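K.L.:
There's a structure below that I have some questions on.
The values are calculated or read from the model by the stated rules, or taken from the named source; none is laboratory data. Predicted model, so just to flag it, every value in this text is computed and none were measured. Here the Cβ positions follow ideal geometry from the backbone for every residue, glycine too, while neighbour counts run over all protein chains shown. Keep in mind that these areas ignore ligands, DNA and RNA; they rest on the heavy atoms of the full protein, side chains included. Shrake-Rupley method; radii C 1.70, N 1.55, O 1.52, S 1.80 Å.
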Amino acid sequence: MPFVVAALVLLGLLCLVNLLLTVGILRRMRAQSAAETLFALRPGSAIGEFAATTTDGEPVTTATLTGTVAFFSADCAACHDALPDFLAYARDQGRDNVFAVFGGDEPDTVRALAEVARVVPADLDGGPVAAAFRNTWTPAMYVVADGRVVATAGRVPELPVPAGR
């Protein structure tokens, strides 16, 4: 009988230690912001080299890229939810200052984006632009200047508005 009591006390102590470790891990996970874990490139990071062609046949490279860059996907519900806000944001910024990478086959969405942004279609792996940004999820938005990331956002309201606009 004393062995059973000792085993139960030891098991209870082990469960308590396990609970304390779990709480510590959860606190640490909460402390990390979502942006830090979702964006490989953070503000100040250099963008990798790439060359792509827009739906209008315009060449775009790292050197010519400036303004807002957004990644959208046809099979992403959050992308469809963010699209109206992004279209309004892009109209305010001007077509030359907005670049969109769209994955999937939705001609209407690509057409709507092309009215307010330079658009590059993406293949299954995201294509050269996604590789340059090391971007693996959508929607993802970056503000870029001089080949470097200035800001990142997962939603349009999180995007900074450039001065004078």
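K.L.:
What is the residue count in segment 37-47 for residues that are surrounded by fewer than 18 Cβ atoms within 10 Å (Cβ to Cβ), in a loop (DSSP other than H, G, I, E, B) and not charged (D, E, K, R)?
P.N.:
Qualifying residue count, segment 37-47: 4.
K.L.:
How many residues does segment 48-75 hold that are open to solvent by 20 Å² or more (accessible area, probe 1.4 Å) and not acidic (Asp, Glu)?
P.N.:
Looking only at that region, the number is 12.
K.L.:
Scan segment 136-150 residue by residue and report those that are under 16 Å from Asp75 (Cβ atoms) and either open to solvent by less than 20 Å² (accessible area, probe 1.4 Å) or basic (Lys, Arg) (or both).
P.N.:
Pro139, Ala140
K.L.:
Take Pro121 and decide whether it is in contact with a strand residue (DSSP E or B) (Cβ under 8 Å, 6 or more places away or on another chain) and open to solvent by 80 Å² or more (accessible area, probe 1.4 Å).
P.N.:
The answer is yes for Pro121.
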